1. From Cα pairs below 8 angstrom and at least 6 apart in sequence, can you work out the relative contact order of the range 1-76, rounded to a whole percent?
2. Determine, for SER291, SER233, SER349, the number of other Cβ atoms within 10 Å of each Cβ, and report the residues in order from fewest to most.
3. Highest first, please rank the peptides 29-36, 171-178 by the mean number of other Cβ atoms sitting within 10 Å of their residues.
4. Between the helical axis of 276-287 and the dominant principal axis of the chain, each derived from Cα atoms, what acute angle in degrees is found, rounded to the nearest 10?
5. Percent relative contact order of the chain, based on C-alpha pairs within less than 8 angstrom and at least six residues apart?
6. How far, in nm, would the chain grow between GLU218 and THR297 when pulled straight, counting 0.36 nm per residue and subtracting the alpha carbon separation?
7. Place +1 on the Cβ of every Lys and Arg and -1 on the Cβ of every Asp and Glu in the range 303-368, take the dipole about the Cα centre, and give the residue among ALA356, ALA333, ALA306 whose Cα lies farthest towards its positive end.
8. Select one label from (i) 34; (ii) 71; (iii) 63: the one whose number is percent of Cα pairs over 30 Å apart as derived from the coordinates shown.
Amino acid sequence: MCLAACLSGEVALWLRQGNVEAATQSAEWFARTFGPGNFWLEVQNHGIPDEKVVAEGMFRLADALGLPVVVTNDAHYLRREDAEAHDVLLAIGTGKDLDDPKRFRFVGEESYLKSEAEMRALFPGRDDLLANTACVADRCEFDFEKRYFLPQFPRAPEYPSDDALLVELATHGAERRYGAPLPAPARERLDYELSVITKTGYAGYFLIVQDFIRAARERGIPVGPGRGSAAGSLVAYALGITNVDPLRFDLLFERFLNPERVSMPDIDVDFCFERRGEVIEYVRERYGRASVGQIITFGTLKARAAVRDVARVLRFAPGDADRIAKLIPSGPAYALAIDQAAEKVPELSSMQRSDANVARLLDLSRRIE
């Protein structure tokens, strides 16, 4: 399924330029490419003038081409009242002052998650638009099964299982590292790690990682020697995943994979930044694009960091910002959120009551904390 997207979508861009012919050709191409019933024109109303022009054009295209139209709304923050905090984050992210008239900012305060009633009010009398939106949602199938699905490593048919292949590769690799026959400490450690890995069902994961690291090295892509808890694995060392000898440096395998507290092993790998895309492309080609995705990370701000960042975009003097931030307890033994600190730290509580600028600083900081 495909939607025509917001003001930056191809169809909308042509309509904004007044090029109806190009917009028509673009919409027809998308309709052909995704097939009957799988492409929707899209309208929005965040109070941006161009959206009215685009909506009128989309409706005309819908009539001319027989295409359905959906109404959508950008949701960059949860509630309308979060708009200011979102704007502060934009200023922080772009390194600009909050009151800089030239910095990037959103238009209005409409980019929040709207209710059904609010969405209906955007285009009065066009309940069909929301019905089409609901139709799209109903066709989206997703079942969050809350378990890991590891891709099958494409092993040669002579190996009956991932376990058998891993044991062979790890044994040969260990012999290259330590010599044959293996010294007793290496043999004992290798057997122990292999037993844990095979029992927990993660043999395939090791095979996959060693495969794309090998492919990277064959292509001359620099690979890091090892980072994080995976450096404590002799199997990883034997497979060439890491280049740090866990026996020499007395590293613990259990910090990586503990048989008493089984969790998904996480092997951190550093590739040359300029060529990491080649490694990702190799994995996509090997396992299929639908099976490969990059892990998302969510950045969060702790209390002191939030205060310092907000103070900077509000043009607080660095010394003042630091002094206010340090009033918030922050440490492994005793740490407070901004709301708690403003209540329990007398000096901070007094500053919040007596200084409107400090009150605003703390209000915005607690909203992005």
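Read the figures in this text as sums done on the coordinates, not as results from a lab. Note that the structure is a prediction, hence the values are computed from the model and not measured. Here Cβ is always computed from backbone atoms with ideal geometry, including for glycine, and neighbour counts include all displayed protein chains.
1. Working: 99 pairs, mean separation 24.2, N = 76.
Answer for the range 1-76 is 32 percent.
2. Fewest-to-most ranking of SER291, SER233, SER349: SER291, SER349, SER233.
3. Numbers: 29-36: 13.0, 171-178: 17.4.
Result, highest mean Cβ count within 10 Å first: 171-178, 29-36.
4. Relative to the chain, helix 276-287 is tipped by roughly 80 degrees.
5. On the way: 430 pairs, mean separation 41.9, N = 369.
Computed over the chain, the figure is 11 percent.
6. Working: separation 79, 0.36 × 79 = 28.44 nm, distance 2.96 nm.
Working it through step by step, the gained length comes to 25.5 nm.
7. ALA306
8. Given (i) 34; (ii) 71; (iii) 63, the structure-derived one carries the label (iii).
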